[in-house]
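**Q** Shown below is the structure under consideration.
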């Protein structure tokens with residue numbers, strides 16, 4: 001029985017399709033929407049580069065934006081009669097988004113992951129990597145990829 005579904009969201013059309021698929025395919029499950037923030041990209045600074053008295057306002061703004069973004073999907077899911085909650089994770093190093101998703105899935109003990117894929121060619125996947133491919137290979141639960 002699949003009770004808890006993790007749906008990573010990143011603002012892409014593919015992620016939106018994954019969300020719609022999860023709503024339709026698992027109407028009795030609880031969906032958890034996850035937005036992975038990349039701190040360097042989001043303006044998060046640590047240690048000496050941050051400065052002792054400089055607030056992380058840019059990063060805090062990104063967290064607020066991610067929360068507002070996910071809240072819209074929570075409302076859509078609840079309007080469809082599906083239990084949806086939202087959360088965010090932080091990838092502490094560039095390119096660690098897949099690891100953040102996998103760790104979240106392990107910690108939250110989800111039953112399944114549904115996520116979008118950009119459908120890159122094999123060559124670009126080798127050169128650029130693929131979050132969906134990495135999650136599929138390393139996740140502790142089944143993964144459904146939606147294009």
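The values are calculated or read from the model by the stated rules, or taken from the named source; none is laboratory data. Small disclaimer: the values here were computed from a predicted structure and weren't measured. Note: ideal-geometry Cβ built from the backbone for every residue, glycine included; neighbour counts use all protein chains shown.
**Q** So which of 31, 70 ends up being crowded, with 17+ Cβ neighbours inside 10 Å, in contact with a strand residue (DSSP E or B) (Cβ under 7 Å, 6 or more places away or on another chain), at pLDDT 85 or above and not in a helix (DSSP H, G or I)?
**A** 31 is the lone residue from the list that is crowded, with 17+ Cβ neighbours inside 10 Å, in contact with a strand residue (DSSP E or B) (Cβ under 7 Å, 6 or more places away or on another chain), at pLDDT 85 or above and not in a helix (DSSP H, G or I).
**Q** Only one of (1) assigned to a helix (DSSP H, G or I); (2) modelled with pLDDT under 95; (3) farther than 24 Å from residue 98 by Cβ is not met by residue 76, so which one is it?
**A** (2)
**Q** I want to confirm something. Restricting to segment 134-147 and keeping residues that are surrounded by fewer than 16 Cβ atoms within 10 Å (Cβ to Cβ), at pLDDT 90 or above and out of contact with any strand residue (DSSP E or B) (no Cβ under 6 Å at 6 or more places or on another chain), which single residue is nearest to residue 109 (Cα to Cα)?
**A** Per the criteria, the residue is 140.
**Q** Determine, yes or no, whether residue 5 is modelled with pLDDT under 95, touching a helix residue (DSSP H, G or I) at 6+ places or on another chain (Cβ under 9 Å) and surrounded by 14 or more Cβ atoms within 10 Å (Cβ to Cβ).
**A** no
**Q** Something else about it: Residues being surrounded by fewer than 18 Cβ atoms within 10 Å (Cβ to Cβ), touching a helix residue (DSSP H, G or I) at 6+ places or on another chain (Cβ under 7 Å) and either over 16 Å from residue 38 (Cα atoms) or modelled with pLDDT under 60 (or both): count how many of those fall in segment 92-119.
**A** 1
**Q** Regarding residue 131, is this residue surrounded by 19 or more Cβ atoms within 10 Å (Cβ to Cβ), at pLDDT below 95, under 19 Å from residue 10 (Cα atoms) and under 16 Å from the mean Cα position of the chain (by Cα)?
**A** yes
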